[in-house]
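The values are calculated or read from the model by the stated rules, or taken from the named source; none is laboratory data. Here the structure is a predicted model, which means the values were calculated and not measured. Don't worry about glycine lacking a Cβ; one is built from the backbone with ideal geometry, like all the others, and counts go over all protein chains shown.
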Amino acid sequence: MLKPGLPGRPIGSRSPVFMPFSNEAQPSPVVCLNHAVAIAMSESLERGLAMIDSLGAGGELDSYHLYHAARAELLRRMGRNREALENYHRGLALTTNAVEQRYLRRRIANLT
């Protein structure tokens, strides 16, 4: 049985449904970043990172700490620790949230 409003997803299913973006709607860069992370976690780290890198090419997300943190996490999972550290440091420099700072410092400490 399918749940109304969620095409192709059985009731009680915990698997995410990735709906393609409409050609009419222009999702924000943050929404696109979240989508790229979801793709990385569900399909391929490499594909997700490529999507994130493509988003970052325009510079719109350069001052967004979670862009750098997400990129760092994927790089870390791929074993690219030097690049991950650079991105964790960049994210840390951009955030003022104490909880996020502690998290990023722990990630940095784990890689050094």
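Results, tabulated for the structure shown:
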read-out: One residue from Arg82, Arg47 being closer than 25 Å to Arg106 by Cβ, at pLDDT 90 or above and among the basic types (Lys, Arg); value: Arg82
read-out: Enumeration of residues in the range 28-84 that are among the small types (Gly, Ala, Ser), surrounded by 15 or more Cβ atoms within 10 Å (Cβ to Cβ) and either in contact with a strand residue (DSSP E or B) (Cβ under 7 Å, 6 or more places away or on another chain) or touching a residue at least 24 places away in the same chain (Cβ under 8 Å) (or both); value: Ala36, Ala40, Gly48, Ala69, Ala70, Ala72, Ala84
read-out: Odd one out for His68, checked against (1) more than 11 Å from the chain's Cα centre (by Cα); (2) part of a helix (DSSP H, G or I); value: (1)
read-out: Every pair of residues 6+ apart whose Cβ atoms lie under 9 Å, when the first sits in the range 85-109 and is closer than 12 Å to Ala70 by Cα and in contact (Cβ under 8 Å) with a residue 12 or more places away in the chain while the second is small (Gly, Ala, Ser) and surrounded by fewer than 15 Cβ atoms within 10 Å (Cβ to Cβ); value: none
